[in-house]
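Take a look at the structure set out below.
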Amino acid sequence: MQIKELNIINVMLGINIVLSSQYFKQEYACISYRSNGVVHETDTIFVKGNDTVKGVLERIGFSNTTYESSLDGLNVKVLGDKLQLTYQNQEVKVETNLELFGKYRIDTDRIKKTITLISKQIQMEKDRKISEYVYLSEEEKDKILWEFKGDEKKIDSSVTVITYLEKFASEKGNKIAITFGNKNMTYSKLNESANIIAHNLIRNGIKRDDVVGIAMERSAEFIVTCLALWKIGAAYMPISIELPARRLNEIVNETTPALLIVEDLSLYNRLNGSCKAIYIKELMCELEPDFKQNLNIELAGDTLAYVINTSGSTGIPKGVMIEQLGLMNHIYAILSELDMDEKTVIAQTASISFDISVWQMFAAFVVGARVVVISKSDIMDVFEFVDIVKREQVTELEVVPSYLKILFECVLEDEPHYFINLKNMIITGENADTTLINKWFSIYADKTLINAYGPAEASDDVTFERLTGKCYGNIISVGNVIQNMSIYILDEQKQLCPIGIPGEMYIAGIGLARGYRNDDEKTKSSFIWHKVGSTEIRLYKSGDYGRWCENGSIEFLGRRDEQIKISGYRIELNEIKSVLMQHVAIINATVLCTLQETKELVAFVVLAKEITVEKLREYLENRLPYYMVPNRILYIGKIPLTENGKVNRKKLLKYLEDN
C-alpha cells in the first residue's frame, strides 16, 4: 500500500501544514508520520498564507485529495518540541514552536478541537488559501470577545475632575489637596487659584477645545494651570523645559498650540516667535472681584483634555489627543483597582510629559484625597525621595521597574521602613522581571505590587495585574483589561489569535485617543476600523506583542517595531536615526537598544567626513531629549545587512562586544 493512498495521512499532512503556518505562527512544517510500523519523514515544507493545502500536498507527492472530516478517537500528545497526533494506529509528528505557549500553557484538548475544526474546512474547501482557514472555535472566540474584555460600566460624560474639585472645595475646603515641598494647598485655595487663571485665560482668547502648551517644572502651579484650562473646556499640552530649542520648536510647529504658558521667560526666546507665550505670574493676578468664582462651563465627554507628545519614527513628535471621557474612565478604573478614598495619599513622581503623570496629578481630587508632588531633584536623590514618601505618609506610588531596582540597591534592602505607610506599588513603563518582583515580596510580603500596561493612545493603563506573591518564569503578566476597554490579539491577517498564541495587541474602548494632532495620515494608519466578531469597531494598532492566558490576563512579549521604553519614556529608534541622518557628515546610521542589565542606546554611524564623537553628541543633545541621546556612538565602515536587506543586529552586537 502506498502512503499517498492513505486518506488519514493526507488529512494529517494538510491539517498540520495549516497548524504550523497559522496556529503556531511558523512559515514551515517539518512532518514525520508512521504507517504500518514504517516511519516516513518529509523534507521541510515552506508554506505561505497564499498557498493552498491541495497545492502544498501535491508539491510533496501527495496527489490524493480525499479528506476525512470525522476524527473521532484522535489523540494529541506533546513530545518535546513536537506534537504527536495518533489516529487509527497511525502517527503524525509535527515540529512546532511550542515555546510560544510557555512551559505550562499547552492545551492539547484545545489543539485537538482546532485540528478537527480545520479538517472539516479542508474537506469542504481544499483550494482555500491557508491564511483564510478559521482555527478558532466558536467557544474560544466567544471567550476572547466577551469574557476577556473589560467590564462595561456606565459613566456620566458630563462629570469631570472639575466637578469633583468644586464639590470638595465647597464641602471640605480646608482639606489639603496638594503638598509640594514644605507648602500645602487646600481644596478651597486650589479651586480659587484655578478659577483666577481660567478667567485670565479667557481674557487672552482661550476657548473650548483649544490646546495650550505649559512649559513649567513639575509643581503645584502646573496642576493648578491644567485645572484652569479644563474649567473652560480647553486642553493642556505639557512641554519639558529641558528640551533643546530645535525640539521645542518642532513640537510647537507641529501641534500649533493657541498659547504657551511659561514660568521662565528665557524659554520664550527659544521659540523663534512661532507661538504666542505668556508668563504664568500674569495669569495668577486677580484682576476682577469675581475671578475666584466658578465659571460653570459645562463640559462633555468628547471635550479634549490633554495632548501628550510621543516619539515619532519620522523624527517629528506625535501629539496624542485624549478626551475627557477617556481620562475619567482611566481614573475611575485605577481608583477602583487601588481601592482609594479620601485618606489616600498619591505621590506625583512622573515627568509632566509622561502619560502616567495624568492620574498621579488628578485622581486624588475625585475622592477628596491628597497628592504629594515630588520634584525631579528629589527623585534623583533616592535618600531624599524615600524620606518624603515616609514623611508624607504616601499610600500609592508608581515608578518604572529600573527605578525601583535602584531604590532596593541604595536604601530599601537595609531600611524597608521607609515604605511603612505604602498600600500599593505600581510598576509600569518597562518590562518587569521575576527577580525584582520576588525581591519586593521578600521584603514587603503584605503590600500589593501591581504591574500595569498601556500606551498614551489609550489614556494610559489598559490592564492591571495585582501580584500577591513570588513569581516563576521569565514573563510577568500585565493583567486583565480595565473597565470599558478591550484588547484584541490579532495575527498578520488581523484574525483573532487563540489563547496562548502571540499576536499584535489592538486596543478598543472609550479610552482611545481622538488621534494625533494635525496628522491625519498617521491617525488613519494607527487608528483603524476593523470587523472583530460581527461588529466593526475602532482599534488602536499598538505595535506591542502579547498572548492571552487562560484566565483572561495578558503576557506582554515586546515591541513589533523599533519602538522601546527606557525609564518609562517611549522612544522610536528610527527617530534618533532620522536626526543622525540629517547631519552632513553622516551617510548612514542605525540605532540599537542593548538588553543588558540596564538598557543602553547605541548608535552605529557611517561617516562621509570626519567629526568627533563629542561634536556629534553635542549635535544630538541640541535636537533630542536627553533620554534619546545614545549612550554610545560607534563609527563603522558600513551597516551590515541580512540576506533580506534588513539591518543585521547580531553582527552589530558582535561589533559592539568587540569594541
- Note on the structure: Carbon and sulfur atoms account, in whole percent of the 1.4 Å probe accessible area of the range 160-231, for 48
- Note on the structure: SASA check, SER525, accessible area w/ 1.4 Å probe, all protein chains in place, rounded to nearest 10 Å², comes out at 60
- Which of rounded, prolate, oblate describes the range 474-577, given a ≥ b ≥ c as roots of the alpha-carbon gyration tensor eigenvalues and a/c under 1.5 marking rounded, otherwise prolate only if a/b is larger than b/c? oblate
- Task: Taking all protein chains together and a probe of 1.4 Å, list SER158, SER534, SER459 from the most accessible to the least accessible.
- Result: SER534, SER158, SER459
- Query: Shape of the range 505-659 from its Cα gyration tensor (a ≥ b ≥ c, root eigenvalues): rounded if a/c is under 1.5, otherwise prolate when a/b > b/c, or oblate?
  - Reply: prolate
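For ILE280, ILE406, what's the largest-to-smallest order of accessible area, 1.4 Å probe? Don't jump to the answer; show the numbers that get you there.
Numbers: ILE280 10, ILE406 75 Å².
Output order, biggest surface exposure first: ILE406, ILE280.
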- Message: Let me cross-check GLU621: its accessible surface, 1.4 Å probe, with only protein heavy atoms counted, in Å² to the nearest 10?
- Response: 100
- Cβ under 13 Å from LEU259's Cβ, LEU259 left aside: what net charge do those residues give with Lys, Arg +1 and Asp, Glu -1? +1
- Query: Which of the GluC sites (Glu not before Pro) found in the range 291-368 are loop residues per DSSP with 15 or fewer other Cβ atoms within 10 Å of their Cβ?
  - Reply: GLU298, GLU342
- Checked against the positive end of the charge dipole of the range 310-445 (+1 on Cβ of Lys and Arg, -1 on Cβ of Asp and Glu, about the Cα centre), the farthest of SER377, ALA363, THR428 is ALA363
- Item | Karplus (6.51, -1.76, 1.60) ³J(HN,Hα), θ = phi - 60°, over the range 429-446, in Hz, Gly and Pro reported as x | x, 8, 5, 8, 10, 4, 4, 5, 5, 5, 5, 4, 6, 6, 9, 10, 5, 9
- Item | Which of ASN204, VAL161, ASN191, positive extreme of dipole for the range 161-208 (C-beta unit charges) | ASN204
- Query: Can you list, largest first and rounded to whole Å, the semi-axes you get for the range 164-234 by taking the square root of 5 times each eigenvalue of its Cα gyration tensor?
  - Reply: 22, 15, 8
- Filtered hits (lysines, Cα-Cα < 19 Å from LYS112, offset >= 8 within chain) -> LYS25, LYS77, LYS82, LYS93, LYS103, LYS120, LYS141, LYS143
- For MET216, MET284, MET185, write out the residues from largest to smallest accessible area, computed with a 1.4 angstrom probe and no ligands counted. MET284, MET185, MET216
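Report the gain in length on full extension from ILE420 to LEU634: 0.36 nm times residue separation, minus Cα-Cα distance, nm rounded to one decimal. Mind dumping the intermediate values first?
Details: separation 214, 0.36 × 214 = 77.04 nm, distance 4.60 nm.
Full extension from ILE420 to LEU634 adds 72.4 nm.
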- Using modelled backbone amide H atoms (1.01 Å from N, in-plane), which distant-in-sequence or interchain residues come within less than 5 Å of LYS153's amide H? ASN484
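Take the alpha carbon gyration tensor of the range 336-450, find the square roots of its eigenvalues, order them as a ≥ b ≥ c, and report rounded if a/c is under 1.5; if not, report prolate when a/b exceeds b/c, else oblate. Don't skip to the answer; put the middle values down first.
Values: a/c = 1.40, a/b = 1.33, b/c = 1.05.
It is rounded, given that a/c, with a ≥ b ≥ c, falls under 1.5.
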- Item | Residue-wise HN-Hα coupling along the range 321-327, computed from phi with Karplus coefficients 6.51, -1.76, 1.60 (Hz; x: Gly, Pro) | 9, 10, 9, 4, 5, x, 4
- Query: Using the per-residue mean of other Cβ atoms lying within 10 Å as a proxy for protection, in what order, highest first, do the peptides 219-225, 386-392 fall?
  - Reply: 219-225, 386-392
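The values are calculated or read from the model by the stated rules, or taken from the named source; none is laboratory data. Since this is a predicted model, take the numbers as computed values, not measurements. Cβ sites come from the backbone with ideal geometry, for glycine too, and all protein chains shown count toward neighbours. To get the accessible areas, we keep the full protein, side chains included, count just its heavy atoms, and leave off ligands, DNA and RNA. Shrake-Rupley method; radii C 1.70, N 1.55, O 1.52, S 1.80 Å.
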